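The values are calculated or read from the model by the stated rules, or taken from the named source; none is laboratory data. Everything numeric here is computed off the predicted structure, so don't read it as measured data. All Cβ positions, glycine included, derive from the backbone under ideal geometry; neighbour counts span all protein chains shown.
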Amino acid sequence: MDFPIGSMGAAIFGALAVLAWRMHESRRPVSLRGLVIPPLGMSTGFSMFAMQAFRVPWMWGLSAFVLGAAIFAQPVIASSRLTREGNVVMMRRSPWFIVIILVLAAIRLALRGQIDHPPRIPRLLPFADEELASIDRPVCVLVGAHTEVFDVDEVVGRARLIPAATVATVPDGGHAFPVDHVDLVVSYVEAMTATT
């Protein structure tokens with residue numbers, strides 16, 4: 001799967017899924033479970049920041065939160081209202097709700113260049129060059145050519161410091177290429193293990 005196309009497809013699918021979910025929830029009574037579980041589920045994404053490699057400056061995170069809460073969330077809030085109907089509470093959407101969701105999705109896609117291509121993660125050097133050069137075991141290093149997380153040339157250059165390293169770049173691979181190119185990864189591992 002080509003990374004840019006996959007990313008674009010995921011963004012479009014996500015927008016349609018949110019639209020379908022929001023329209024569906026307006027057909028049934030509001031429940032405590034329905035109010036609590038979605039934000040709790042989405043908040044699990046914060047767990048990624050437990051990893052040093054995914055941490056961003058506090059100001060970036062705060063800016064994104066304020067932008068979402070103060071600007072992008074307001075049209076959605078304004079086009080939704082809770083109404084009491086008999087013994088239940090219903091979420092009612094205005095006719096503009098669909099338009100608002102589609103416009104927000106369009107903005108998301110238009111800003112892909114800023115959102116999906118953040119500055120690369122600062123270099124993490126768990127091993128010094130001398131330590132890499134001292135490794136005397138076979139090592140296989142595969143790097144997706146289209147990864148936007150690390151500098152490919154730097155990763156390849158440092159991997160070549162390992163004397164017995166097999167280093168290769170996957171031309172059409174992104175950061176998650178092991179998922180999209182399983183057979184390729186297996187072939188490299190098999191080739192390496194066959195010589196040990």
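Some observations on this one:
- Residue count for region 156-184, restricted to those that are aliphatic (A, V, I, L, M) and under 21 Å from the mean Cα position of the chain (by Cα): 4
Here's the yes/no breakdown for (1) free of Cβ contacts under 8 Å to residues at least 24 places away in the same chain; (2) closer than 30 Å to F150 by Cβ; (3) surrounded by 10 or more Cβ atoms within 10 Å (Cβ to Cβ):
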| residue | (1), (2), (3) |
| --- | --- |
| A15 | no, yes, yes |
| P29 | no, no, yes |
| R33 | yes, no, no |
| P39 | yes, no, no |
| P57 | yes, yes, no |
| S79 | yes, no, yes |
| R92 | no, no, yes |
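- Test: residue in region 165-172 that is at pLDDT 85 or above, part of a helix (DSSP H, G or I), over 30 Å from W60 (Cα atoms) and not basic (K, R): no
- Qualifying residue in region 143-151 (condition: closer than 21 Å to D129 by Cα and modelled with pLDDT of 90 or more): yes
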